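Some notes on the structure that comes next.
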Amino acid sequence: MFNIIYKLFEPKTNCFESAKLFADLLRVKITNASLTKDIEEHPDYPSLLSISDVLNSYGISNISASFDKNSFFEVPTPFITNLRGIKRPVNYFAVVSSINNGAVRYYDHENARWETCGADDFYERSSGVILMAEVEEGAGEIDYNKKIRQENNKQFFLAAISICLPLVFLVYGVFSFAQQGMNALLPFSMSILTLAGAVVGVLLLLFELDQYTPVLQKICRPTNKINCGAVLNSRGAKIAGISWATLGFTYFSAQILLLLFWGITNPRALFVISWLNAMAAPYILFSVFYQWRVIKQWCVLCLSVQFILLLQLVTSIIAEWHTAIPVDEALSAYILLPVVVAILVPFVSVSLLEPAYRSAKQSKSNKLQLQRLKHSPKIFETLLVRERSIDRSVEGMGLLLGNRNATTRIVKVCNPYCKPCSESHKIIDGLLANNPDLQVQIIFFTANEEDDIRKPVARHLMAIAEKGDETITREALDNWYMRNIKDYEMFEKMYPLNGEIQDQVSKVERMQHWCMENRIDFTPTFFVNGYQLPKMYNVTDLKYFLSV
């Protein structure tokens, strides 16, 4: 249930869903938020290339190839392929988890569940192109544990809000039955109907905002006679410029507020609700007639609202709540004021939030389009060569990591005590791990003063690197940069050296002069293939260009 609620408010695309399922089957830990961001910001989204590049950036080496029918089912599972839809003539990505005895188990995006079908039928729907992968050592997302906690907290908060109101009504119901026995049955039933109506009202509002949400598509699956979109986008879906969905949500929400304010068995609340329902009764006939004779299409959600309204009407008539309080009391300010407030609060809220949501959604769409443009290799290369180049050669300076013959070379100018340098260190580690054709050269930025605290650390790291063991060098860099507290005395004990540190004095001074000559004003500063990284980019963006 919580998963359905989460998908309603944060729907996921087929491209993301396939990549996530594939990574899960390979047991590679990646959070939903990071994977969604990386895939949607890829310049070739949505495509198999976007999935391939993003998976590669997380240490999942992969390759795509086309196979004939004989070799298609010999490919080791899991893999991703492209399928033609059955309900709609569109292609979508499908993850195949296993192939046994001519039966293919795959995730069906149209039905949002795992399905099994015959190999021949599956191949007929497939494009024949397969993305297969192999997990590298250390694959996964950096800081996964920290990010998954944040993601789980967000989901828990959303779930807690979603169950809060039903829980309140349940508690109300328990106390009402305890105090009034079976006399509370009809009021409690009315409360449940009102709550159900509010839920359907929310679904209708969400459908108006984004009818392509997978969960809503599943509820309002189009057929010859059923088409929620046709009904909700028709001329009759509004009155005086206000959608029936907004009015329906306001109607049920106002009733909920009154029940919470007065109590579910309070005669005043039941009186007001019964008369509101009586005034809404003609809408049942209008909506059914309009769908039946005018549009000639049915909306499942709209019919659900009519059914709930009808049940409310029957319940209020049976309980005789229309006469629960005298007319003079019903017209008093004591009754009318809460009713007006209860109606205005949800109506005004929806009227303000709906355009704000649409604006935020459009802003997100524009941002994603700009990010895809930004992550285009051609755009990046054009902007890169316009930046200032390195004035003095870096040959023989600093620490070298990665492939010595790489075609892509990054120079990182950093400060041993710089927090942004520590944060970028994790990213550089990930780039090196996932890109064999990459070299990273680290230049240390220090001051002229001999008592500068950065110099001993830089000399020590240089001395460790001079031993020629890159594994030890990377370990030492991790032990320094990954610690929250930078304690050189402790670091010195972890990596004891003799006279090697003094041999690095002139080398550190040479790096210091190089930084001055190249006008290094801040750390970290990055150079890619001799050019400074453009200001609009940061080191995390480099993964989009190293994998193409």
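Side notes on the structure shown:
- Annotation: A94 fulfils all but one of (1) surrounded by 12 or more Cβ atoms within 10 Å (Cβ to Cβ); (2) at pLDDT below 90; (3) under 21 Å from the mean Cα position of the chain (by Cα); (4) not aromatic (F, W, Y); the unmet one is (2).
- Any hit, region 379-392, residues being of a type in the set (S, T, N, Q), assigned to a helix (DSSP H, G or I) and within 27 Å of I442 (Cβ to Cβ): no
- Residues being small (G, A, S) and within 23 Å of the chain's Cα centre (by Cα) - total across region 129-157: 2
- Residue in region 224-240 that is closer than 24 Å to I273 by Cβ, without any contact (Cβ under 8 Å) to a residue 40 or more places away in the chain and among the β-branched types (V, I, T) present: yes
This table checks each residue for (1) crowded, with 16+ Cβ neighbours inside 10 Å; (2) among the hydrophobic types (A, V, I, L, M, F, W, C).
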{"site": "L49", "(1), (2)": "yes, yes"}
{"site": "D53", "(1), (2)": "yes, no"}
{"site": "P78", "(1), (2)": "yes, no"}
{"site": "R84", "(1), (2)": "no, no"}
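- Which listed residue, of L203, L260, is surrounded by 14 or more Cβ atoms within 10 Å (Cβ to Cβ), within 30 Å of A112 (Cα to Cα) and of a type in the set (A, V, I, L, M): L203
- Tally of residues being surrounded by 14 or more Cβ atoms within 10 Å (Cβ to Cβ) and closer than 18 Å to Q441 by Cβ across region 471-495: 6
- Test: residue in region 403-416 that is closer than 20 Å to I520 by Cα, in contact (Cβ under 8 Å) with a residue 12 or more places away in the chain, touching a strand residue (DSSP E or B) at 6+ places or on another chain (Cβ under 6 Å) and not in a strand (DSSP E or B): no
Listed here are the residues, each with its yes/no results for (1) more than 17 Å from P346 (Cβ to Cβ); (2) modelled with pLDDT under 95; (3) assigned by TED's automatic domain parsing to the domain that holds Q180; (4) surrounded by fewer than 20 Cβ atoms within 10 Å (Cβ to Cβ).
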{"site": "K225", "(1), (2), (3), (4)": "yes, yes, yes, yes"}
{"site": "T250", "(1), (2), (3), (4)": "no, no, yes, no"}
{"site": "A281", "(1), (2), (3), (4)": "yes, yes, yes, yes"}
{"site": "L310", "(1), (2), (3), (4)": "yes, no, yes, yes"}
{"site": "I325", "(1), (2), (3), (4)": "yes, yes, yes, yes"}
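- Condition check for S127 on (1) outside the structural domain of N56 (by TED's automatic domain parsing); (2) loosely packed, with under 14 Cβ neighbours inside 10 Å: one failure, at (1).
- Residues within region 230-256 that are in contact with a helix residue (DSSP H, G or I) (Cβ under 8 Å, 6 or more places away or on another chain), farther than 21 Å from L353 by Cβ and not β-branched (V, I, T), tallied: 3
The values are calculated or read from the model by the stated rules, or taken from the named source; none is laboratory data. Nothing here was measured: the structure is a model prediction, and the numbers come from that model. Positions of Cβ are generated from backbone atoms using ideal geometry, with glycine treated the same way; all protein chains shown enter the neighbour counts.
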